[in-house]
Amino acid sequence: MAAQAEYFIETQLPNHQKHYGSFTFPSILSPNPKSSPSSLSVFTEAIKSHKPFLDSLLLKSGALLFRGFPVKTAKDFNDVVEAFGFEELPYVGGAAPRTNVVGRVFTANESPPDQKIPFHHEMAQVPEFPSKLFFFCEVEPGRGGETPIVLSHIVYEKMKEKYPEFVDRLEAHGLLYTRVLGEDDDPSSPIGRGWKSTFLTSNKAVAEERAAKLGMKLEWLSNGVKTVMGPIPAIKYDKSRQRKIWFNSMVAAYTGWEDSRNDPVKAVTFGDGQPLPADIIYDCLKILEDECVPIPWKKGDVMLIDNLATLHSRRSFDPPRRVLASLCK
């Protein structure tokens, strides 16, 4: 582990980290002042040469925040993502409206700034989800706009302790997700991705084929399409860390999948179609809020999240704010 001291140092961010015995969440890395980076290329080469250290730190902590490195543009961010060597995951089946910026880089969810985005594992409502995701702050928020993160196994443990019968039922039946998509993207909605960009086609037959590969059923409507996904597991087992995780979009769908086409209460049910208990959903939301760590963005920040370990959300903000994302298999 001594090699990382040549370039990376672990730093503290008071009030924006939690300490769990042997590790801190998230781990925050800054350049070693004794080997301060003079260029982006020095940073990307350091990522490659310190990859085993960075991988082990991510496995331990669940999220890494890189602060103080010379990452200024979307192209710089793309170079950083490429340096890690993770395979890209195409954004097929996700709900958020996004725009490709450069290379593997997309905008993060483009929903309006006054809206919160609820806690979720990225694309937990589809079978093929990213194992890792990157965020990059190109323009820091005027006010607010933090990205709260929370460890999934902690949420599972708290819910299992408080609501064992509910969790047992989730494990037995999974969840069913229902969402109505318009034809085109609706940027006024946090789930406003239209079916054409969701399935990367304007051909209904191709959309049906791609939906079927995701295990999704489509029902065409006069003004769009109703999608039904599942039942799919709500609790997963993280083999790399040997623990159960709260891997679902239950709270996000029930409290946030709302727009002119969608009623959030109908957006998610038990896998057998039975409704979810509202009081437990909202208590789960409270647990998420109580256990989370809000990350305040600074220009140039890069955050790497292990999507199996960590849920994330977004707080409302005053513009400007521009956070970019990249998804990895």
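The values are calculated or read from the model by the stated rules, or taken from the named source; none is laboratory data. As the structure is a prediction and not an experimental result, all values here were calculated from the model. Cβ coordinates were reconstructed from backbone atoms using ideal geometry, including for glycine residues, and neighbour counts include every protein chain displayed. To get the accessible areas, we keep the full protein, side chains included, count just its heavy atoms, and leave off ligands, DNA and RNA. Shrake-Rupley method; radii C 1.70, N 1.55, O 1.52, S 1.80 Å.
Kirkwood analysis of region 152-289, using all unique Cα-Cα pairs, places the hydrodynamic radius at 16.0 Å.
Between the helical axis of 74-84 and the longest alpha-carbon principal axis of the chain there is an angle of about 80 degrees. Which residues in region 278-306 place their backbone N less than 19 Å from a point set 7 Å from the Cα of S30 along the Cα-to-Cβ direction? Correct set: 294-304.
Taken along the Cα-to-beta-carbon direction at a fixed 7 Å, the label points for E289 and S41 span 5.0 nm. With a Förster radius of 30 Å applied to the beta-carbon distance between Y20 and I280, the computed FRET efficiency rounds to 0.75.
Using 0.36 nm per residue and subtracting the Cα-Cα separation, the extra length available between S260 and K299 on full extension is 10.6 nm. Size descriptors for the chain, from the alpha-carbon set: Rg then Dmax equal 19.6, 63 Å. Determine the shape class of region 165-236: with a ≥ b ≥ c the square roots of the Cα gyration tensor eigenvalues, call it rounded for a/c under 1.5, and otherwise prolate if a/b is greater than b/c, oblate otherwise. The shape class here is prolate.
In straight-distance terms, cross-link reach from K266 covers every one of the aspartates and glutamates whose alpha-carbon lies under 15 Å from its own, apart from those fewer than eight places away in the same chain; here that gives E258. Beyond 31 Å between alpha-carbons counts as too far, so tell me which of K116/K160; K60/K226; K34/K286 fall in that bin. In this structure, K60/K226; K34/K286 lie more than 31 Å apart at Cα. Take the Cβ atoms of V139 and E165, set R0 to 56 Å, and the FRET efficiency comes out at 0.75. Restricting the GluC sites (Glu not before Pro) of region 119-224 to loop positions (DSSP other than H, G, I, E, B) with no more than 15 neighbouring Cβ atoms within 10 Å leaves E128, E183. Taking all C-alpha pairs of region 240-289, those more than 12 Å from each other amount to 67 percent. Could you tell me which residue out of A211, T269, Y282 lies farthest along the dipole of region 152-289 toward its positive end? Charges go on the beta carbon: Lys and Arg +1, Asp and Glu -1, centred on the Cα centre. Value: A211.
Close amide H partners of I149, meaning residues 5 or more places away or on another chain with modelled amide H under 5 Å apart, are V293, I295. In the frame of its principal axes, region 12-129 has Cα extents of 44, 36, 30 Å, reported largest first. Here's the list of lysines a cross-link from K75 could span, going by alpha-carbon distance under 20 Å and ignoring same-chain residues fewer than 8 apart: K48, K132, K298, K299. Assuming a ≥ b ≥ c are the square roots of the Cα gyration tensor eigenvalues, decide whether region 120-160 counts as rounded (a/c under 1.5), prolate (otherwise, with a/b larger than b/c) or oblate. It comes out oblate by the Cα gyration axes. The aspartates and glutamates whose alpha-carbon is closer than 14 Å to the alpha-carbon of K162, local same-chain residues fewer than 8 away aside, are D279, D283.
In this structure the chain gives 42 Å² per residue of accessible area when probed at 1.4 Å with all protein chains present.
When the accessible area of region 152-289 is split by element with a 1.4 Å probe, what percent falls to carbon and sulfur? The nonpolar share, carbon plus sulfur, comes to 50 percent. Each Lys or Arg adds one and each Asp or Glu takes one away; over the other residues whose Cβ falls under 15 Å from the Cβ of K18, this sums to -4. Relative to the longest principal axis of the Cα atoms of the chain, helix 204-213 runs at roughly 70 degrees. Taking a virtual spin label 7 Å from the Cα of D272 along the C-beta vector, which residues in region 154-175 bring their backbone nitrogen under 15 Å of it? Taking a point 7 Å out along Cα→Cβ of D272, the residues of region 154-175 whose backbone N falls under 15 Å are 165-175. Estimated at 0.36 nm per residue, the fully extended path between T99 and E128 surpasses their Cα-Cα distance by 8.4 nm. Each part gets one Cα centre, and for region 130-170 versus region 299-323 those centres are 12 Å apart. Taking the longest Cα principal axis of the chain as reference, the axis of helix 51-61 is set at about 50 degrees.
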